[in-house]
Amino acid sequence: MTKPRTRRRTFCTIAALFLSIAYAACSSHKARIPANPNPASIDGCWVDVFDADDFNGDKAHDRIAGPGEWSTLRDLPGAAKVDWANKIDSLIVGPHARLHVWKDEGFESTHWEFGPKTQVASLEKYNAGNQIESMKLEYVP
């Protein structure tokens, strides 16, 4: 019969080995990180942005995961196109998201709001084409 102290030491050794292997396996995986990694984005809290009308992906397209706030779109972490300031021409809002966008950095000046499942083929319709410099994306249950 093994002593409780020996069993505890064996258990701790096995647990440490398992955690080391799990950490090594996870850290070697190189996935593209979304602009704002958040579990809520799995539930539809995102916005797809395009730098052309009619959701045209010929030039650039990114999915920005939320919820989140970006006072500037000049250095969007994780985005394929890093600088989105004054470049968004069309957008699609996820089914569990509400998008607030502003004409200027820092959530200043003219403001537009788009609800869940909104598809805007041309922001020119709102006089907002190529004019968005900051945004907030909130989760809507």
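Every number here is computed from the coordinates shown, using simple stated rules; none is lab data. Everything quoted here is computed from the prediction, not taken from an experiment. Every residue, glycine as well, gets a Cβ built from its backbone with ideal geometry; the counts of neighbours run over all protein chains shown.
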Among TRP46, LEU73, HIS100, the residue whose Cα sits farthest towards the positive end of the charge dipole of the range 39-139, when +1 is placed on the Cβ of each Lys and Arg and -1 on the Cβ of each Asp and Glu, is TRP46
Taking a crude spin-label model, label points 7 Å out from Cα along the C-beta direction, the ALA52 to SER122 distance in nm is 1.5
Long-range amide H partners of SER122, meaning residues 5 or more apart or on another chain whose placed amide H is closer than 5 Å, are ASP54
